[in-house]
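Below is one structure, written out as structure tokens, with a few remarks after it.
The values are calculated or read from the model by the stated rules, or taken from the named source; none is laboratory data. Keep in mind that what you see is a predicted model, and the values were worked out from it rather than measured. Every residue, glycine among them, receives a Cβ derived from its backbone with ideal geometry; neighbour counts consider all protein chains shown. Heavy atoms of the whole protein, side chains included, go into the accessibility calculation; ligands, DNA and RNA do not. Shrake-Rupley method; radii C 1.70, N 1.55, O 1.52, S 1.80 Å.
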Amino acid sequence: MDTFEAVKTRRAIKKFDSSYKMSSDDVKSLMELAILSPTSYNQQNWRFVTVTEQSVKDKISKAARDQPQPKDGSLVVVLCGNLNAWKDNPKRYWKNHPIEKQELVQNSLSRKYAESPQNRRDEAIRSCGFAAQTIMLAAKQMGLDSCPMVGFEYDELAKVINLPEDHLISMMVVVGKAAEPAAQRGGQLSLDEVVFENHF
Ligand SMILES: Cc1cc2nc3c(=O)[nH]c(=O)nc-3n(C[C@H](O)[C@H](O)[C@H](O)COP(=O)(O)O)c2cc1C
């Protein structure tokens, strides 16, 4: 499947085939692609909780106000951000480059994030957005479907996945086989309304 096709055919699936199970190799392949998603300064501040165990998926559906996708999908990826990634031994984010580059990045990260919880939070949510789209498009290439989700009780889901204090949950993505196709698109806005040439 080429990229255009994956973009056009990815839809938010509401009903998954609960009998379909991804192999652990499939899950690993998907996550190997997810970690190629871009992050500012290559800080790789996403953390992914991959859930395939039915009892945990059931708890996630409950936290998601009884939406069925998590319990019926094969895999739930809870995309989290590590708010301290900027200071967590950051030279390793550029370990393939000379030490001067590593130090430059370390200093830049400090300047941007040390004093700004808002920057740390924005960056976590940004990074997870890219990773979510990578997961959903890669799933299409693997013959699978997906649903991005934020309709959940944050504190309840945090408890289910044992979220560390210095992390946040950005969203989750359910991956599996669709049992039913998505309804027709809600209705895209026109390019005229959302695209501006050179300035607003
Ligand atoms: C951040 C985000 C959160 C969403 N949360 C939910 C959700 O909790 N439950 C659900 O059924 N769909 C959810 N969706 C799916 C959207 O409703 C869907 O993406 C949108 O209607 C466009 O449809 P499409 O993805 O099929 O093109 C979410 C989508 C995004 C991007």
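The single condition from (1) in contact (Cβ under 8 Å) with a residue 40 or more places away in the chain; (2) in a loop (DSSP other than H, G, I, E, B); (3) within 13 Å of the ligand (Cβ to nearest atom) that Gln188 fails is (1). If I filter the range 96-119 for residues that are touching a helix residue (DSSP H, G or I) at 6+ places or on another chain (Cβ under 9 Å), in a helix (DSSP H, G or I) and either closer than 22 Å to Ala63 by Cβ or at pLDDT below 95 (or both), do I get at least one hit? No: zero hits. Scanning the range 57-89 for residues that are farther than 30 Å from Asp17 by Cα and open to solvent by 10 Å² or more (accessible area, probe 1.4 Å) gives Asn82, Leu83, Asn84, Trp86, Lys87, Asp88, Asn89.
Can you name the residue in the range 4-20 that is assigned to a helix (DSSP H, G or I) and among the charged types (D, E, K, R) and is also nearest to the ligand (Cβ to nearest atom) among such residues? It would help to see each step written out before you state the result.
Step one: filter the range 4-20 for residues assigned to a helix (DSSP H, G or I), giving 4-9.
Filter again for among the charged types (D, E, K, R), leaving 5, 8.
Numbers: Glu5: 15, Lys8: 10 Å.
By that ranking, first place goes to Lys8.
Listed conditions (1) of a type in the set (Ser, Thr, Tyr); (2) open to solvent by 20 Å² or more (accessible area, probe 1.4 Å); (3) over 22 Å from Asn82 (Cβ atoms) are all met by Ser146, apart from (2).
With the condition kept exactly as written, say whether any residue in the range 160-177 is of a type in the set (Ser, Thr, Tyr) and over 12 Å from the mean Cα position of the chain (by Cα).
Restricting attention to the range 160-177, the residues satisfying the condition of being of a type in the set (Ser, Thr, Tyr) are 170.
Adding the requirement that they be over 12 Å from the mean Cα position of the chain (by Cα) leaves none.
Within the range 160-177, not a single residue is of a type in the set (Ser, Thr, Tyr) and over 12 Å from the mean Cα position of the chain (by Cα).
Looking at Glu197, Glu165, Glu180, Glu193, can you tell me which residue is within 14 Å of the ligand (Cβ to nearest atom), among the acidic types (Asp, Glu), surrounded by fewer than 15 Cβ atoms within 10 Å (Cβ to Cβ) and farther than 21 Å from Glu32 by Cβ? Can you show your working first?
On the way: Glu197 fails: within 14 Å of the ligand (Cβ to nearest atom); Glu165 fails: within 14 Å of the ligand (Cβ to nearest atom); Glu193 fails: within 14 Å of the ligand (Cβ to nearest atom).
Residue meeting the stated conditions: Glu180.
Scanning the range 67-87 for residues that are outside any loop (DSSP other than H, G, I, E, B) and small (Gly, Ala, Ser), we see that the one that is farthest from the ligand (Cβ to nearest atom) is Ala85.
State yes or no: is Gln54 within 16 Å of the ligand (Cβ to nearest atom), surrounded by fewer than 21 Cβ atoms within 10 Å (Cβ to Cβ) and at pLDDT 95 or above? Please lay out each step first, then the result.
Numbers: within 16 Å of the ligand (Cβ to nearest atom): no; surrounded by fewer than 21 Cβ atoms within 10 Å (Cβ to Cβ): yes; at pLDDT 95 or above: yes.
In short, no.
Restricting attention to the range 21-41, the residues that are under 24 Å from Leu163 (Cβ atoms), open to solvent by less than 70 Å² (accessible area, probe 1.4 Å) and not in a loop (DSSP other than H, G, I, E, B) add up to 5.
The rows are residues; the columns are (1) more than 18 Å from Lys14 (Cα to Cα); (2) within 16 Å of the ligand (Cβ to nearest atom).
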position	(1), (2)
Arg65	no, yes
Ile99	yes, no
Gln102	yes, no
Tyr113	yes, no
Ala138	yes, yes
Leu144	no, yes
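Inside the range 149-162, can you point out the residues that are open to solvent by 30 Å² or more (accessible area, probe 1.4 Å) and either away from the ligand (no atom under 11 Å from the Cβ) or outside any loop (DSSP other than H, G, I, E, B) (or both)? Write out each step before concluding.
First, pick out the residues of the range 149-162 that are open to solvent by 30 Å² or more (accessible area, probe 1.4 Å): 150, 153-156, 159-160, 162.
If the condition is that a residue be open to solvent by 30 Å² or more (accessible area, probe 1.4 Å) and either away from the ligand (no atom under 11 Å from the Cβ) or outside any loop (DSSP other than H, G, I, E, B) (or both), then Glu153, Tyr154, Asp155, Glu156, Lys159, Val160, Asn162 are the ones that fit.
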